[in-house]
Amino acid sequence: AAFHFDKARHIEPDRANFHSDYGTAINMMGKSAEAVAPFKRAVELDPKNFPGQLGLSSALIGVNDYEPAIVAARAATQSTPNRPEGWVNLSIALNRSGQGAQAVAILEEALAIMPGEFLLHTNLAAALNYRPEPTPQRVFEAHVNLGRVLAAAYGGGIRSFSNDPNPD
């Protein structure tokens, strides 16, 4: 796929999506440093390009360049506030840059927009585990909420099986 996306972006160099698609392909191959340039080009061509901003933030996180990752992730959340991925990248970049309390606040802000989004609940529950501020009750509640969201997504809870559980 990377080969074809690279070819497409050279055939039509003004198409932002071709650059972001190429960046995504090589970023997924573990080549974050190489992915930064195509993502930057996608964003130059179209500053509101969600895949470009999201990918740029991911690639920059991958090379531990957190301040520009924060800028790119914020742009992703502003262009498409109803997608959890930008919010998650923003929280990761904030957390890794030493701004853990802001990372938690960002996830809580995103949950106000998308209260049933399990990706946000997962990241919030994980982030709270490593913060000194929340009470044990707050951490517990975040994990319970995550369990509720996951249970709702997968049929409402524990499933019973028709087989006889008796091992004999």
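None of the figures in this text is laboratory data; all of them are computed from the coordinates on show. Note that the structure is a prediction, hence the values are computed from the model and not measured. A quick note on method: Cβ atoms are made from the backbone with ideal geometry, for glycine too, and the neighbour counts reach across all protein chains shown.
Subtracting the Cα-Cα distance of Thr135 and Ile113 from 0.36 nm times their residue separation leaves 5.5 nm of extension gain. Principal-axis analysis of the Cα atoms of the chain puts helix 118-128 at an angle of about 80° to the longest axis.
Taking the Cα atoms only, what angle lies between the long axis of helix 100-113 and the longest principal axis of the chain, rounded to 10 degrees? Compared with the principal axis, the helix lies near 80 degrees.
The long axis of helix 32-45 is offset from the longest Cα principal axis of the chain by roughly 70 degrees.
Ignoring lysines fewer than eight residues from Lys48 along the same chain, the ones with Cα atoms less than 21 angstrom from its Cα are Lys40. In this Cβ point-charge picture (+1 for Lys and Arg, -1 for Asp and Glu), segment 11-144 has a dipole of about 120 debye about its Cα centre. Shape class for segment 9-92: oblate, because the ratio a/c of the largest to smallest gyration tensor axis (alpha-carbon atoms, square roots of eigenvalues) is 1.5 or more and b/c is at least a/b.
Here the spin labels are modelled as points 7 Å beyond Cα on the Cα-Cβ line, and at Lys31 and Asn163 they lie 4.5 nm apart. Given +1 at the Cβ of Lys and Arg, -1 at the Cβ of Asp and Glu and no other charges, the dipole of segment 113-164 around its Cα centre is 40 debye to the nearest 20. Each Lys and Arg contributes +1 and each Asp and Glu -1, all at the Cβ; summed about the Cα centre of segment 3-79, the dipole is approximately 80 debye. Centre-to-centre separation between the Cα atoms of segment 119-168 and those of segment 1-24: 40 Å.
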